[in-house]
Amino acid sequence: QVQLLESGGGSVEAGGSLTLSCLASGSGYRRKAMSWFRQVPGKGREGVSCIISHGTQILYHDSVKGRFTISQNSDENMVYLRMNNLKPEDTAMYFCAAGGEWGCTLGESNYAYWGQGTQVTVSA
């Protein structure tokens, strides 16, 4: 099985930046897509970005294109999300997901493993 540990969340003002990190351990995550999702109270998870094979496939949600950058190390055990020009609507709990069976997609059902999340809060 796979264990995922997110870090890097915090509170920033609009226009600020944060970098989220996700460390994967165990077996079953390499050569499969990893992704970032976010969730606010009362709503389901929203796919933010995904990556596979340390960058051979990358996808972003329209709301973060041009502002967020996803990356992965060559060992595929670490994924990062650089978040620039943050907006209040980016406020959410951010989750790392792994084990994507169908390539790089932003569909929640594609992923078998989930971290516990790290909170990002952006003030106006």
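Worth a mention:
- Search result, residues across segment 1-45 that are open to solvent by less than 50 Å² (accessible area, probe 1.4 Å), at pLDDT below 95 and either of a type in the set (Ser, Thr, Tyr) or closer than 16 Å to Ser63 by Cα (or both): Tyr29
- Residues (hydroxyl-bearing (Ser, Thr, Tyr) and under 17 Å from Pro41 (Cα atoms)) located in segment 74-118: Thr91, Tyr94, Thr118
- Check on Thr56, more than 23 Å from Gln3 (Cα to Cα), among the β-branched types (Val, Ile, Thr) and open to solvent by less than 60 Å² (accessible area, probe 1.4 Å): no
- Looking across segment 103-124, the residues that are more than 18 Å from Met78 (Cα to Cα) and not hydroxyl-bearing (Ser, Thr, Tyr) come down to Leu106, Gly107, Glu108, Asn110, Gln119, Val120, Val122, Ala124.
- Segment 32-52: number of residues that are more than 12 Å from Leu106 (Cβ to Cβ), in contact with a strand residue (DSSP E or B) (Cβ under 8 Å, 6 or more places away or on another chain) and without any contact (Cβ under 8 Å) to a residue 60 or more places away in the chain: 2
- Residue match in segment 86-107 (condition: open to solvent by 20 Å² or more (accessible area, probe 1.4 Å), free of Cβ contacts under 8 Å to residues at least 60 places away in the same chain, in contact with a Ser or Thr (Cβ under 7 Å, 6 or more places away or on another chain) and over 28 Å from Ala124 (Cα atoms)): no
- Residue in segment 11-29 that is closer than 18 Å to Thr91 by Cα, in a loop (DSSP other than H, G, I, E, B) and without any contact (Cβ under 8 Å) to a residue 24 or more places away in the chain present: no
- For segment 61-84, the condition of being open to solvent by 10 Å² or more (accessible area, probe 1.4 Å), over 15 Å from Gly9 (Cα atoms), of a type outside the set (A, V, I, L, M) and in a helix (DSSP H, G or I) holds for at least one residue.
- Members of segment 10-29 that are farther than 15 Å from Ile70 by Cα and touching a strand residue (DSSP E or B) at 6+ places or on another chain (Cβ under 8 Å): Gly10, Ser11, Val12, Glu13, Ala14, Gly16, Ala24, Ser25, Gly26, Ser27, Gly28, Tyr29
The values are calculated or read from the model by the stated rules, or taken from the named source; none is laboratory data. Source: prediction; values computed, not measured. For neighbour counting, all protein chains shown are included, and Cβ atoms are generated from backbone atoms with ideal geometry for every residue, glycine included. Remember, those area values only see protein heavy atoms, side chains included, never the ligands or the DNA or RNA. Shrake-Rupley method; radii C 1.70, N 1.55, O 1.52, S 1.80 Å.
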